[in-house]
Amino acid sequence: MKMTKKITALLSVFLASTGAMSADWSSNSVGYRYAPSQSEPGVSDKVSKNVLSFTHVSGDKLGTNFFTIDLLKSNSADPANGGGGGAQEWYGFYQRDFSLSALSGNKTGYGFAKDLKLTGRFDAGTKNTAFAPSPRKLRVGIAAAMPVSAGFWDIGVQAYKESNHNGIVGKSVSFDLAPALASAWAIPVGGVGTFAGFVDIVGPKGKDGFGAETKTEVLARATFMFDVMGPKSGLTAGVGIEHWRNKFGCDNSTASVKNSCKATTPLLLVEYKL
C-alpha cells in the first residue's frame, strides 16, 4: 500500500506539470532491460535485475518534459524483506526544461551552445528490502544544448538535495545540499540506430544514516539501439554498458562488504514506441 501511494504521488506531479502546458509534440515508449551484474551496498554477490520501464517525452513553446518510471526486480541475491524471493523496486523521475532561447527570443545561440536550458527535476522511489529506502531528490540547474547535427546532447550543472529512509537504523535522513553534473544524449547513427546514454555525478552529500561520510557518486550508462524492421516500426533492440561507482554515496574503499558499492554490467535492451 505504501509503495502504491508513493508511485501515485510521483505520477500526480508528472500529470499536474504536463497538464499545465499544451504539448506541441509528444512520444511514449515502453521498454525492458536486463542487467546481469549489478551491485547493492552490503550485498556480497552480484545482483541480476529485470527492469520494465515507461517513458514520456513532450515539448511545447517553452521547453520539454521528460518522465520515466522503472519497475526493477532483483534475483535472490538482493532479497525482499521477510523473504519471498528477490526485492522489487519502483524508481522514477520527472524533469522540466525551459529554453532560454524561447524565453528571451535569442535565436543565435550562446557561445559554444546552441541553447541554454533552465532545468528542474524531481525523483522518487521505494524498495521492499530491510533497508526500506524511500529516496526523494530535487535538482535545479542549467544545461547547455550542444550543437549536434541530429538528436541531442545536453551538459548541465545542478544543485542536488536528497532525503531518504534507513530501515536498518529506523530513521529518515536529510542529506546536505550537493553539487551535481549531468549529461544526456541520443544521437542517430547511420540510419541504423541510436547511440544514447547519460552520465550523472553527485558530489559528497554529508553523512548517511550510519554516520559515515558520503563520497562522490558516478553513474554512467551508454547504449546502442538498433532499428528493428526499419526506423518507422517503433521497435528497437540493443546492447549497452552501465557503470556505478560509490553507489548511493557509499564509500566503496571502506565498504563493509568489499566492492559492493561499485559495479560494471552489460545490458540487453528492447524498446517499443507507442
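The values are calculated or read from the model by the stated rules, or taken from the named source; none is laboratory data. None of these values were measured; they are calculated from a predicted model. Note that we place each Cβ from the backbone using ideal geometry, even for glycine, and neighbour counts take in every protein chain shown.
Being touching an Asp or Glu at 6+ places or on another chain (Cβ under 9 Å), farther than 23 Å from S44 by Cα and either among the basic types (K, R) or surrounded by 18 or more Cβ atoms within 10 Å (Cβ to Cβ) (or both): is that true of D78 here? Give the derivation first.
Numbers: touching an Asp or Glu at 6+ places or on another chain (Cβ under 9 Å): yes; farther than 23 Å from S44 by Cα: no; either among the basic types (K, R) or surrounded by 18 or more Cβ atoms within 10 Å (Cβ to Cβ) (or both): yes.
No; evaluated as a whole, the condition is false for this residue.
I'd like to check something: does the range 220-239 contain any residue that is within 21 Å of K161 (Cα to Cα) and among the aliphatic types (A, V, I, L, M)? Please lay out each step first, then the result.
Residues of the range 220-239 that are within 21 Å of K161 (Cα to Cα), as a first pass: 220.
So of that shortlist, the ones also among the aliphatic types (A, V, I, L, M) come out as 220.
Checked the range 220-239: at least one residue is within 21 Å of K161 (Cα to Cα) and among the aliphatic types (A, V, I, L, M).
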Taking the condition charged (D, E, K, R), surrounded by fewer than 17 Cβ atoms within 10 Å (Cβ to Cβ) and either within 13 Å of the chain's Cα centre (by Cα) or more than 23 Å from G230 (Cβ to Cβ) (or both), does E217 pass?
no
Selection from the range 26-61 of residues surrounded by fewer than 16 Cβ atoms within 10 Å (Cβ to Cβ) and hydrophobic (A, V, I, L, M, F, W, C) yields V30, L52, F54
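Out of everything in the range 168-186 that is surrounded by 15 or more Cβ atoms within 10 Å (Cβ to Cβ) and within 17 Å of G203 (Cβ to Cβ), what residue ends up being farthest from the chain's Cα centre (by Cα)? Even if it seems obvious, please write down each step before you answer.
First, pick out the residues of the range 168-186 that are surrounded by 15 or more Cβ atoms within 10 Å (Cβ to Cβ): 173, 175, 178-186.
Next, only the ones that are within 17 Å of G203 (Cβ to Cβ) stay: 173, 175, 178-183.
Numbers: V173: 21, F175: 19, A178: 17, P179: 16, A180: 13, L181: 13, A182: 10, S183: 11 Å.
Among those residues, the one meeting the criterion is V173.
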Can you pull out the residues in the range 28-68 that are among the hydrophobic types (A, V, I, L, M, F, W, C) and in contact with a His (Cβ under 9 Å, 6 or more places away or on another chain)?
F66, F67
For the range 81-122, give me each residue that is out of contact with any Phe, Trp or Tyr (no Cβ under 7 Å at 6 or more places or on another chain), crowded, with 16+ Cβ neighbours inside 10 Å and among the hydroxyl-bearing types (S, T, Y).
Y91, S99, S101, T119
Which of the residues spanning the range 187-229 are in a strand (DSSP E or B) and of a type in the set (D, E)?
D200, E213, E217, D227
Could you run through the range 63-75 and say how many residues are among the hydrophobic types (A, V, I, L, M, F, W, C) and either loosely packed, with under 15 Cβ neighbours inside 10 Å or within 24 Å of K262 (Cα to Cα) (or both)?
3
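Output yes when any residue across the range 246-253 is in a strand (DSSP E or B) and either at pLDDT 95 or above or closer than 25 Å to A145 by Cβ (or both), and no when none is. Explain how you work it out, then say what you get.
Of the residues in the range 246-253, the ones in a strand (DSSP E or B) are none.
Within the range 246-253, none of the residues are in a strand (DSSP E or B) and either at pLDDT 95 or above or closer than 25 Å to A145 by Cβ (or both).
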Would the range 174-186 turn up any residue that is within 20 Å of A124 (Cα to Cα), outside any strand (DSSP E or B) and either in contact with an Asp or Glu (Cβ under 8 Å, 6 or more places away or on another chain) or touching a residue at least 60 places away in the same chain (Cβ under 8 Å) (or both)?
yes
